[in-house]
Structure formats: structure tokens, C-alpha cells
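What follows is calculated from the coordinates using simple rules that are stated; it is not laboratory data. Predicted model, so just to flag it, every value in this text is computed and none were measured.
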């Protein structure tokens, strides 16, 4: 499995959103249905960004390490 930098993962949905918007705006005769479909795609890309950001934040928290340490008696009762 190839590991890509986080910036690449975040730029992909942004690039998709921009392309969908650019195509919709380039068509002066775009119908309401076409524009609605473009908005649905942009919204889906935004939701993907949210999932990626949440995963990156979780990963960052996991890599931070333990916040506190304490001794535990393993031979206890």
C-alpha cells in the first residue's frame, strides 16, 4: 500500500469540488437539475474532506503518546 502525504489527501476532494463547480459555471444553459447534481457532488466531496480531517486528527492524537503514566501493581489482589 502506497502512503501519500496528508496534503495530497486533502487536495483531492478540493480539486474535485473546483472542477465540478467550474464545469457547471462554464455552461450558461445549465438546467436546475444539472446545477443540483453539481451541488450534490460538491457536498459529497466536502463530506469526504470532513472524514479525512477527522482521520488525520485521530492519527495525530494517537501519535502524540500517553498524556500521563502511572505505576500499576500487577501482583495485586
**Message:** Restricting to DSSP H runs of at least four residues, report the calculated mean residue ellipticity at 222 nm for the chain, -39500 (n - 2.57) per run over all residues, nearest 500 deg cm²/dmol.
**Reply:** -25000 deg cm²/dmol
**Item:** Among (i) 36, 20, 18; (ii) 77, 26, 21; (iii) 60, 15, 13, the entry derived from the coordinates for Cα extents along the principal axes in Å
**Value:** (ii)
**Nearest-ten-degree value, helix 32-64 long axis tilted from longest Cα axis of the chain** = 20 degrees
